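Below is one structure, written out as structure tokens; comments come after it.
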Amino acid sequence: MSEKILMKGNEALGEAAIQAGCRHFFGYPITPQTELAAYMSKKMPKIGGTYLQAESEIAAINMVLGAASAGVRAMTSSSSPGISLKTEGISYIAGSDVPALIINVQRGGPGLGGIQPSQSDYWQATRAAGHGDFHLLVYAPSTVQEMVDLVFLAFDKGDEYRMPAMILADGMLGQMMEPVEFKEREQKAPIEKPWAVNGHKNERPHNIINSLYLDPHELENLNIKRFEKYKRVIENEQKSVEYMTQDAEYIVVAFGASARVAHSAVDMAREQGIKVGLFRPVTLWPFPEKALKTTVESTKKYLCVEMSMGQMIDDVKLATECRRPVEFFGRTGGVIPTVDEVFGAIKKLGGGN
Amino acid sequence: MEVIFKKPHALTDVPFHYCAGCTHGIVHRLVAEVIDELGIEGKTVGVSPVGCAVMCYDYFNCDVIEAPHGRAPAVATGIKRALPDNVVFTYQGDGDLAAIGTAETVHSATRGENITVIFINNTIYGMTGGQMAPTSLPNQVTQTTPYGRDVNTAGYPIRVCELLSNVDGVALAQRVAVDCVKNVNIAKQAIKKAFQNQIDKKGFSIVEVLSTCPTNWGMSPVEALQWLRDNMMPYYPLGVYKDGEKGDRLK
Ligand SMILES: Cc1ncc(C[n+]2csc(CCOP(=O)(O)OP(=O)(O)O)c2C)c(N)n1
Ligand code: SF4
């Protein structure tokens, strides 16, 4: 089983979800996540699972709400405009403390935007994935292997904390082929879900899954309690990867596809003797502020590289408390930054050009 | 002593919050009686709407989930696909089912989702204070049609049972009323059939119940029932619009 196979990112996401025990997929077609839904439509009927093409992303996310509330691992996938439609359901899922997986294979926006890769849904994923006070777990893979590993983690952590999780990928990762390994994983007993609405069998009081609280004090208390849970998530679930940061004077901060480009640019700069490293957040929420903070003392400047007009840069400034300058380089609208461009931006940090 | 009238087990002890004379209460009771009679409370999952019946999760003794406005059939679809041997029903008002949730309604019906839908048509948005509903009658005065519903600008009322009777995934589409004892009995039989169809895996079953909203109609409960007979029944004829099983017209 533990051999490497060549797989497209989107298909690897689907296979990982199936291996993580997900048997309920609800989707609606959109580029560039197409192959994921197609993969599920091929696999699910063969393993007694559900692939359902809904009438809209709104319906799909609400089917996820229903299935996940019934106690099973359920998921949906889409790309940027479709995720906007799902935000209503995501808010209800979060407000009902139900775990579920949402995958966003991002494309350029706003509006209908384009179909090329983008990272411009960072704010939406980490700040405003729907109305109200809530958070999602947000994971940002940067290789196909990591797409696989993070799907397992997202399901496990979602169940553990009873909250929705999102994989924030993009069209480049979704379309790209890379070797992946589906490691043997120890068989964990499925987590108990005594809160599920699956019929009380005349053995327990009826369960209610709900997000309506007309008494403002009750709602306030519930939100406070949920944010205590989020505090534990922030404390325990931050993930990041560092490359050549040990002696770095400059640090490039990038996630997902842009981190791949930044990685090569760091190599190029190192060859020229520039002491630069890469800090790659793997969790976008919770943002890996603890690890980034430890770099502040030894770092002269940060460079945030994103496929957007600059969104994660807000979190970099917050995490570093603006104690060092944070420069930005980004391409947007579906344009992928080149290694040379990022290298150029790194050179500028030291005043070069 | 012989008990001749008692609260169905499928209803909790929580008092209804509905206005005096509101027919939501009658329909709740009928649904609960049917759940009792079929002995399915332990495997039933209800889906509550956004509307006056939003808090029916407190009233039904089975497991219940509260759906976003209009999305109950999608939520029910998710539950039913995860738990095909359970019984899943939605309870929805006309704004919920026939305006914001039209797509979810039509497409769960088209898929022949094996669920039961209880549809309360009271020609108005009750919970938000009496605005025009998709089912408001021509010339009906509501908060947002103060001069009466002008069909030239506000369009025509939607007839849900007629519409869904053309959808092949539907097993049962029946319109009933709860304005008198005779009709209440017919309504109960229809609701029972809609649940039995699900147990028999026949497909999507909907019972549309012509109901009153005395509060927002600005009438006494008795006047409201008469208004229902005089105005709603001619536009929304009672009867069975489809009775069979999904796909039967294609056989
Ligand atoms: C997305 C969204 N839009 C609007 C509302 C406000 N709202 C609450 S109930 C309701 C209408 C309910 O009317 P109906 O479905 O006819 O049920 P009734 O109250 O008459 O039983 C509306 C518009 C909401 N809660 N959510
Ligand atoms: S507002 Fe109308 S529908 Fe709502 S409880 Fe009162 S009478 Fe019933």
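Annotations
- The long axis of helix A:9-19 is offset from the longest Cα principal axis of chain A by roughly 40 degrees.
- Amide H contacts for B:V87 (H built 1.01 Å from N in the peptide plane; partners 5 or more residues away or on another chain; cut-off under 5 Å): B:T44, B:V45.
- Net charge of Cβ neighbours under 13 Å - reference A:G21; Lys, Arg +1; Asp, Glu -1: +2
- Relative contact order (%) - chain B, alpha-carbon pairs under 8 angstrom, separation at least six: 19 percent
- Cα shape, the range A:242-304, gyration tensor, a/c 1.5 rule: oblate
- DSSP bridge orientation in the protein assembly as shown - percent antiparallel, rounded to nearest 5: 25 percent
- Evaluated over the Cα positions of the range A:36-152, the convex hull gives a direction-averaged projected area, one quarter of its surface, of 7.5 nm².
- For the protein assembly as shown, the pair-distance distribution built from all alpha carbon pairs, in bins 20 Å wide starting at 0, is 20, 46, 26, 8, 0 percent.
- Going from the fewest other Cβ atoms within 10 Å to the most, the residues A:L349, A:L214, B:L38 appear in the order A:L214, B:L38, A:L349.
- Farthest toward positive dipole pole in chain A [+1 Lys/Arg, -1 Asp/Glu at C-beta], among A:A125, A:S56, A:A16: A:A16
- Beta bridges per DSSP with both ends in the range A:241-349, % antiparallel, nearest 5: 20 percent
- Calculation over all alpha carbon pairs of chain B in 5 angstrom steps from 0 returns a P(r) of 1, 7, 14, 19, 21, 17, 11, 6, 2, 1, 0, 0, 0 percent.
- Dipole of the protein assembly as shown, positive direction: furthest Cα of A:L85, B:G247, B:L210, with charges on the beta-carbon: B:G247
- Each residue of the range B:28-35 is assigned a 3J(HN,Hα), and the resulting list reads 4, 4, 4, 4, 5, 4, 5, 4 Hz, derived from the Karplus form 6.51 cos²θ - 1.76 cosθ + 1.60 (θ = phi - 60°), x at Gly and Pro.
- In chain A, the longest principal axis of the Cα atoms and the axis of helix A:216-236 are about 50 degrees apart.
- Sites matching trypsin sites (Lys or Arg not before Pro) across the range B:1-86 that sit in DSSP coil, with at most 15 neighbouring C-beta atoms within 10 Å: B:K6
- Dipole magnitude of the range B:24-243, debye to nearest 20 (Cβ charges: Lys/Arg +1, Asp/Glu -1, about Cα centre): 340 debye
- For chain A, size of Cβ-based charge dipole, Lys and Arg +1, Asp and Glu -1, in debye: 120 debye
- Structure note, pairs A:K193/B:K80; A:K86/A:K188; B:K6/B:K193; A:K43/B:K43; B:K80/B:K188: Cα-Cα distances above 19 angstrom occur for A:K86/A:K188; B:K6/B:K193; A:K43/B:K43; B:K80/B:K188.
- Over the range B:178-251, equivalent-ellipsoid semi-axes from the Cα gyration tensor in Å: 30, 13, 10
- Over the Cα atoms of the range A:121-233, the radius of gyration divided by the Kirkwood radius equals 1.04; this is the Rg/Rh ratio.
- As a proxy for reagent exposure, ranking B:V87, A:V105 by other Cβ atoms within 10 Å from fewest up yields B:V87, A:V105.
- Listed residues A:D159, A:D121, A:D267, most fluctuating in chain A (Gaussian network, C-alpha, under 10 Å): A:D267
- Percent of Cα pairs in the range A:43-87 per distance bin of 5 Å, from zero to the largest separation: 5, 22, 28, 24, 15, 5, 1.
- Amide H contacts of A:I103: A:T76, A:S77, A:S78, A:I167, each under 5 Å away and 5 or more positions distant or on a separate chain (H built 1.01 Å from N in the peptide plane; Pro and chain starts excluded).
- Net +/- balance of residues flanking A:L219 in space, Cβ distance below 13 Å, scoring K and R +1, D and E -1: -2
- Over all Cα atoms in the range B:41-103, the spread is summed up by Rg and Dmax: 11.0, 32 Å.
- Net charge of the neighbourhood of B:K188, taken over other residues with C-beta under 15 Å away and scored Lys/Arg +1, Asp/Glu -1, is 0.
- Square roots of 5 times each gyration tensor eigenvalue, C-alpha, chain A, largest first, Å: 35, 23, 18
- Basic side chains Lys and Arg get +1 at the Cβ, acidic Asp and Glu get -1 at the Cβ, and with that the dipole of the protein assembly as shown about its Cα centre reaches some 560 debye.
- Applying a threshold of 28 Å to the alpha-carbon distances of A:K46/B:K192; A:K239/A:K301; A:K42/B:K192 flags A:K46/B:K192; A:K42/B:K192 as lying beyond it.
- Straight-distance crosslink candidates among aspartates and glutamates, where the alpha carbon sits under 20 Å from A:K275 and sequence neighbours closer than 8 are dropped: A:E242, A:D247, A:E249, A:D267, A:E297, A:E327, A:D340, A:E341
- Set of aspartates and glutamates with alpha-carbon distance to A:K229 below 14 Å, sequence-local pairs under 8 removed: A:D97, A:D133, A:D159, A:E160, A:E237
- Convex hull volume per residue, computed on the Cα atoms of the range B:91-176, equals 92 Å³.
- Rg in Å to one decimal, and Dmax rounded to a whole Å, for the range A:241-349 via C-alpha atoms: 12.3, 35
- Gaussian network model of chain B, Cα within-10 Å springs - most flexible of B:F60, B:F119, B:F16: B:F16
- Comparing B:P68, B:P15, B:P49 in a Gaussian network model of chain B, where Cα atoms under 10 Å apart are tied by springs, the biggest mean-square fluctuation is seen for B:P15.
- Where N is the number of residues in the range B:20-139, Cα Rg divided by 2.2 N^0.38 Å: 1.03
- 0 to 90° range, to nearest 10: angle between helix A:34-43 axis and chain A longest Cα axis: 40 degrees
No lab work stands behind these numbers, since they all come straight from the coordinates. Keep in mind that this is a model prediction, so the values were computed, not measured. Reconstructed Cβ throughout: ideal geometry from the backbone, glycine too, with neighbour counts over all protein chains shown.
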